[in-house]
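The values are calculated or read from the model by the stated rules, or taken from the named source; none is laboratory data. These numbers were taken from a predicted model, which means no experiment stands behind them. Neighbour counts run over all protein chains shown; Cβ positions are idealised from the backbone, glycine included. Just so you know, the surface numbers come from the protein's heavy atoms only, side chains and all, with ligands and any DNA or RNA stripped out. Shrake-Rupley method; radii C 1.70, N 1.55, O 1.52, S 1.80 Å.
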Amino acid sequence: MITLKSNREIDLMRRAGKITAAARAVAREMVKPGVTTHQIDKAVFEFIKSQGATPSFLNYNGYPASVCVSVNDEIIHGIPGKRVLQEGDIVSVDVGAYIGGFHGDCAGTYPCGRVSEEDMDLIRVTQQSFFEGLKVAREGYHIKDISHAVQTYVESHGYSVVREYVGHGIGRMMHEPPEVPNFGEPGHGPRLLRGMTIAVEPMVNAGTASIIQLRDGWTVKTADGKKAAHYENTILITDADPEILTDPEESLV
Ligand code: MF3
Ligand code: CO
């Protein structure tokens, strides 16, 4: 069942969203050559705790960390560890924070030092595909209008959208109905109503859409070894423009 949030619940989600967005900023600032992915996890964990919140991902279905760090051909769900970031890597970070009974969820891909113009294009197209989806994230449209807008933009730039993982409703639980795919036919899927809160999260491969799952049970990579990018925000459907609850400009630090 898709839950519509009350004004009080929306305020709580704004609070969770602000902390989540700020946690993404903490992770983003750490994307530098020589930093280990574990160091990013530790900083995100400590930041979220310092805000009185709980990392949404930690222990979620057994996930062992507070952040997903996915490098180069890793698309999503990379587990932080000893890996040392190198100049030229592109690094996706995905964070969630839980406070006051509600979750926020957001992600972004960032360059480590100087990266190729090709990789910057992948990052920019992925980010812009979210904003293309946002244009139709309005009452009167359907979920798959967002899906279609994301897919059309990504594919017009010669990239592919991942099919096996999708965006989602979010609220008291990190994953709620409806699913928000990054591909689909316009006019399909549930109708958008004010009070819906959803995480829109394009996962974009530079090459083909095919993925492989690593034996660690989490990391998802591109099958062709080409790079991938991810961009996600938690948004609120209103009677006018959607509100981004995980404002990318947010920084509490
Ligand atoms: N942002 C991811 C999602 O929307 C959550 C990471 S999965 C976890 O599904 F297990 F690491 F929490
Ligand atoms: Co998500």
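Only a single criterion out of (1) more than 15 Å from ligand 1 (Cβ to nearest atom); (2) among the hydrophobic types (A, V, I, L, M, F, W, C); (3) within 20 Å of the chain's Cα centre (by Cα) is not satisfied by V84, namely (3). Report yes if E132 is more than 15 Å from ligand 1 (Cβ to nearest atom) and charged (D, E, K, R), otherwise no. Here the answer is yes, as E132 does meet what is asked. Residue check: is R124 assigned to a loop (DSSP other than H, G, I, E, B), charged (D, E, K, R) and away from ligand 1 (no atom under 16 Å from the Cβ)? When the stated conditions are applied, R124 does not pass them. Remark: pairs (first residue in segment 187-203, within 21 Å of Q128 (Cα to Cα); second residue among the aromatic types (F, W, Y) and crowded, with 24+ Cβ neighbours inside 10 Å; Cβ separation under 9 Å; 6+ apart in sequence or on different chains) = T197/F102; V200/F130; V200/Y231; E201/F130; E201/Y231; P202/F130; P202/Y231; M203/Y231. Candidates P186, P190, P202, P177: the one that is touching a helix residue (DSSP H, G or I) at 6+ places or on another chain (Cβ under 8 Å) and within 15 Å of ligand 1 (Cβ to nearest atom) is P202. For G169, the requirement of being at pLDDT 95 or above, out of contact with any strand residue (DSSP E or B) (no Cβ under 8 Å at 6 or more places or on another chain) and more than 19 Å from V220 (Cβ to Cβ) is not met. If only residues of segment 204-230 that are of a type in the set (S, T, Y) and open to solvent by less than 10 Å² (accessible area, probe 1.4 Å) are counted, the one that is farthest from K135 (Cα to Cα) is T219. Only residues that are open to solvent by less than 30 Å² (accessible area, probe 1.4 Å) and more than 16 Å from ligand 1 (Cβ to nearest atom) were counted across segment 108-119, and they come to 3.
Taking (1) part of a loop (DSSP other than H, G, I, E, B); (2) closer than 24 Å to D119 by Cα; (3) at pLDDT 95 or above in turn, R215 satisfies each apart from (2).
The set of residues from segment 190-209 being within 19 Å of the chain's Cα centre (by Cα), among the polar types (S, T, N, Q) and either more than 16 Å from ligand 2 (Cβ to nearest atom) or in a loop (DSSP other than H, G, I, E, B) (or both) comprises just one member, N205. Scan segment 144-164 and tell me whether some residue there is of a type in the set (K, R), more than 16 Å from ligand 2 (Cβ to nearest atom) and within 20 Å of F131 (Cβ to Cβ). Checked against the condition, which is being of a type in the set (K, R), more than 16 Å from ligand 2 (Cβ to nearest atom) and within 20 Å of F131 (Cβ to Cβ), segment 144-164 yields at least one hit.
A single entry from V69, V91 fulfils the requirement of being within 18 Å of the chain's Cα centre (by Cα), aliphatic (A, V, I, L, M) and within 16 Å of ligand 2 (Cβ to nearest atom): V69. When segment 151-173 is limited to residues that are farther than 20 Å from N205 by Cα and open to solvent by less than 10 Å² (accessible area, probe 1.4 Å), the one that is farthest from the chain's Cα centre (by Cα) turns out to be G171. If you go through segment 179-189 and keep only what is buried (at least 19 other Cβ atoms within 10 Å of the Cβ) and within 13 Å of ligand 2 (Cβ to nearest atom), you end up with V180, P181, N182.
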